[in-house]
Amino acid sequence: MESLFSILPVTVLVAIGIFVLKELFEGVRRYRGDIRKKKALRTLLARECELNHWTIKSIRHIVETIRDESENGAQFEFIFPKNGNVLFRVKHSDSDSKSGSALAGTHRAVMDKNLLEVATLDNKLYSVLQTAYDATAQLEHVRQSLIYFVDPEDEQDKMHLDGFVHYALDELQDVFTKIECLYKECTDKGLETYRLR
């Protein structure tokens, strides 16, 4: 009977030791997994910043073209081909030819999908992400307003195009600053790179 009592504490200690080791290994595995998740999220978010940087450049180019060519009597329009792109065209008053460029779209899918995940993993990244998310919504607003004011449904809104141009240039700078903050948090670099797709 005494040998059974002396064995029991040893088995209990071994079981506790195994449990502690298992929990320790599981904690290390979760910690490493969270580090990999954070790194992957930062890479995805940085890529989305680069895509939006191209959108900012695209809108800024169009807005500056409108500002510069309006004085020369140029006409502006957007074309919506079947492939889903949006094309900006300028018809110069002194010729029948048109020039222009594509209007890039905004990108928020990665931010939408991972906002909650970032909130649980990284508080600092989350606060910067929230600001960039709002800035991207503002970028979409500027983009949609640009399309509207170039060819408004209400003829009285045509006179607002000039005022919109100045507003848009200020807003684009503000949006860029906020998106660049997220990019810096993700990469430790300034936002100079851009992606078309």
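The values are calculated or read from the model by the stated rules, or taken from the named source; none is laboratory data. Remember, it's a predicted structure, so these values are computed and weren't measured experimentally. Note: ideal-geometry Cβ built from the backbone for every residue, glycine included; neighbour counts use all protein chains shown. Keep in mind that these areas ignore ligands, DNA and RNA; they rest on the heavy atoms of the full protein, side chains included. Shrake-Rupley method; radii C 1.70, N 1.55, O 1.52, S 1.80 Å.
Miscellaneous remarks
- Close amide H contacts of residue 107 (hydrogens built in the peptide plane, cut-off under 5 Å, sequence separation of 5 or more or a different chain): none are found.
- On Cα atoms only, tilt of 161-187 relative to the major axis of the chain in degrees: 20
- Neighbours of residue 93 by Cβ distance under 11 Å: Lys/Arg scored +1, Asp/Glu scored -1, total -3.
- Estimated FRET transfer efficiency when R0 is 25 angstrom, pair residue 195-residue 34 (beta carbons, to 0.05): 0.40
- Estimated dipole of region 100-183 in Debye, rounded to 20 [Cβ of Lys and Arg +1, of Asp and Glu -1, Cα centre]: 440
- Net dipole in debye of the chain [+1 Lys, Arg Cβ; -1 Asp, Glu Cβ; about Cα centre; nearest 20]: 1360
- In percent, rounded to a whole number, the relative contact order of the chain is 28, using alpha-carbon pairs under 8 Å and six or more apart.
- Taking the charge dipole of region 112-174 about its Cα centre, with +1 at Lys and Arg Cβ atoms and -1 at Asp and Glu Cβ atoms, the residue from 167, 138, 126 reaching farthest to the positive side is 126.
- Cα long-axis angle, helix 2-70 against the chain (0 to 90 degrees, to the nearest 10): 10
- Near residue 100, the amide H atoms lying under 5 Å from its own belong to 90; only residues 5 or more places off or on other chains count, and H is placed 1.01 Å from N.
- Cα pair count fraction exceeding 18 Å, expressed as % - region 96-180: 55
- Rg/Rh, computed from the Cα trace of region 19-163 with Rh as the Kirkwood radius, has the value 1.21.
- Straight-line reach from residue 57: taking Cα to Cα under 28 Å and skipping same-chain neighbours fewer than 8 places apart, the lysines in range are 39, 82, 91, 98, 113, 124, 158, 178, 184, 189.
- Using a Gaussian network model of the chain in which every pair of alpha carbons under 10 angstrom is joined by a spring, one finds that among 177, 120, 55 the greatest mean-square fluctuation is at 120.
- Contact order relative to length of region 117-197, as percent, for alpha carbon pairs under 8 angstrom and 6 or more apart: 36
- Heavy atoms of the protein chains alone define the surface here; on that basis region 75-133 has 61 Å² accessible area per residue at 1.4 Å probe size.
- Across region 26-136, the relative contact order, built from alpha-carbon pairs under 8 Å that are at least six residues apart, equals 24 percent.
- When the solvent-accessible area of region 126-197 is split by element, carbon and sulfur atoms take up 45 percent of it, the probe being 1.4 Å.
- CD proxy at 222 nm, helix term only [per DSSP H run n ≥ 4: -39500 (n - 2.57); per residue of the chain; nearest 500]: -25500 deg cm²/dmol
- Cα convex hull volume per residue for region 10-60 (Å³): 35
- Distance from the Cα centroid of region 167-192 to that of region 67-95 is 27 Å (rounded to whole angstrom).
- D (Stokes-Einstein, µm²/s), Kirkwood Cα radius, region 47-96, 1.002 mPa s at 20 °C: 173
- Charge dipole of region 113-156 (Cα centre as origin; +1 on each Lys and Arg Cβ, -1 on each Asp and Glu Cβ, all else neutral): 420 debye, rounded to the nearest 20.
- Long-range amide H partners of residue 74 with built H, under 5 Å: 93
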